[in-house]
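The values are calculated or read from the model by the stated rules, or taken from the named source; none is laboratory data. For clarity, every value in this text was computed on a predicted model and none was experimentally measured. Using ideal geometry, Cβ is built from the backbone for each residue, glycine included, and neighbour counts are taken over all protein chains shown. Ligands, DNA and RNA are stripped out before the accessible areas are found, and what is left, the full protein with its side chains, is counted by its heavy atoms. Shrake-Rupley method; radii C 1.70, N 1.55, O 1.52, S 1.80 Å.
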Amino acid sequence: MPVRAEHDRAVLAELLGRDPVLHAYQLGDLDDFFWPYTSWFRRGEQVVLLYHGVDPPTVLAFAAPADTAAMAALLAELAPVLPARLYAHLSPGLVDALSGSFRFEPGGRHHRMALTDPARLAAVAPAGVVLGAADLPQVGELYERSYPGNWFDARMLDTGQYLGVRDGGELIAVAGVHVFSPAYRVAALGNVTTHPRWRGRGLGAAVVAGLCARLRASVTHVTLNVKADNAAAVRLYERVGFTRVADYDEWTLTAR
């Protein structure tokens with residue numbers, strides 16, 4: 001079965017919606033907010049997303065273990081039309097499908113986590129006020145100081161799904177989203193950080209709990225990605241009810 005470009009959002013939503021936690025980011029990118037920055041490729045029931053909203057672009061290819069071979073076949077056929085340099089988020093074992101066309105630098109193993117025990121949120125006192133576009137300078141300053149190198153799309157402040165904690169006038173903790181889609185009932189937490197001077201006081205858990213409670217009013221599945229070796233962050237997310245549900249690897253790919 002050949003690879004085809006897929007432009008029908010209903011078809012993509014049906015295929016990706018079979019595992020909305022594994023495919024939460026792709027489902028969110030079906031929204032009008034992200035759709036203009038996406039290209040979609042399909043082979044049978046497997047779907048790959050090429051997201052152009054960052055530089056270099058990012059390819060997302062996630063598959064359950066039983067579907068790894070089918071997804072690898074899609075990626076191998078797709079390789080000749082991919083950009084010469086890109087990031088890739090791939091389920092374990094899939095990078096080999098691209099090794100004939102690309103050199104790759106590892107970016108590390110990541111966990112996909114999902115909020116599976118929301119009752120735990122009640123054990124954490126939620127905190128945070130809604131941040132908007134007017135708060136962008138303070139948000140940027142906090143990320144530069146406490147979370148350098150993070151991926152932050154300033155447009156996401158317009159979703160109303162960024163919460164912050166202040167001490168006086170200083171922003172000292174933030175939790176936000178990479179994806180928020182009431183239409184497809186998914187959200188993905190991202191850009192969670194606490195000022196170094198304020199760490200160890202529970203602010204991270206408090207602002208995450210506040211954001212999760214807010215998100216659950218609009219979506220069914222709340223997910224996130226976290227580096228596998230970031231033990232402190234994994235413990236924080238487990239504390240508020242998240243469970244590891246899948247792994248994936250990040251790569252930087254350069255054409256041979």
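A compact table of results
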read-out: Dimensionless Rg over Rh [the stretch 112-256; C-alpha; Kirkwood]; value: 0.96
read-out: Scattering curve values for the chain, log₁₀ I(q)/I(0), Debye with Cα scatterers, q = 0.07, 0.14, 0.15 Å⁻¹; value: -0.24, -0.95, -1.08
read-out: Inter-label distance, nm, simple model (7 Å from Cα along the C-beta direction), Ala123/Ala255; value: 5.2
read-out: Globularity index of the stretch 156-237, i.e. its alpha-carbon radius of gyration over 2.2 N^0.38 Å; value: 1.09
read-out: GNM result for the chain, Cα springs below 10 Å: residue of Ala127, Ala76, Ala154 fluctuating most strongly; value: Ala154
read-out: Within the accessible area of the chain (1.4 Å probe), percent carbon and sulfur; value: 52
read-out: Percentage relative contact order, the chain, counting C-alpha pairs under 8 Å, at least six apart; value: 26
read-out: Computed FRET value (nearest 0.05) for Arg85 with Leu136, which takes r as the C-beta separation and R₀ as 25 Å; value: 0.30
read-out: Long-range Cα-Cα pairs in the stretch 105-163 (distance over 12 Å), rounded percent; value: 78
read-out: Expected-Rg normalisation [2.2 N^0.38 Å, Cα atoms] applied to the stretch 1-152; value: 1.20
read-out: Fully extended contour minus Cα-Cα distance, from Ala70 to Asp247, at 0.36 nm per residue; value: 61.9 nm
read-out: Among Leu98, Leu16, Asn225 the positive-end extreme of the charge dipole of the chain (Cβ point charges); value: Asn225
read-out: Computed [θ] at 222 nm, helices only, for the chain once each DSSP H run of length n ≥ 4 contributes -39500 (n - 2.57); value: -6500 deg cm²/dmol
read-out: Asp96/Asp19 FRET efficiency (R0 25 Å; Cβ-Cβ; nearest 0.05); value: 0.65
read-out: For the stretch 68-115: span of alpha carbons on each principal axis (Å, largest first); value: 37, 23, 15
read-out: Kirkwood Rh, Cα atoms: Rg over Rh of the stretch 1-79; value: 0.93
read-out: Dipole magnitude (debye, nearest 20) for the stretch 28-132, charges at Cβ of Lys, Arg, Asp, Glu; value: 220
read-out: The stretch 106-256: relative contact order as a whole-number percent, Cα under 8 Å and 6+ apart; value: 40
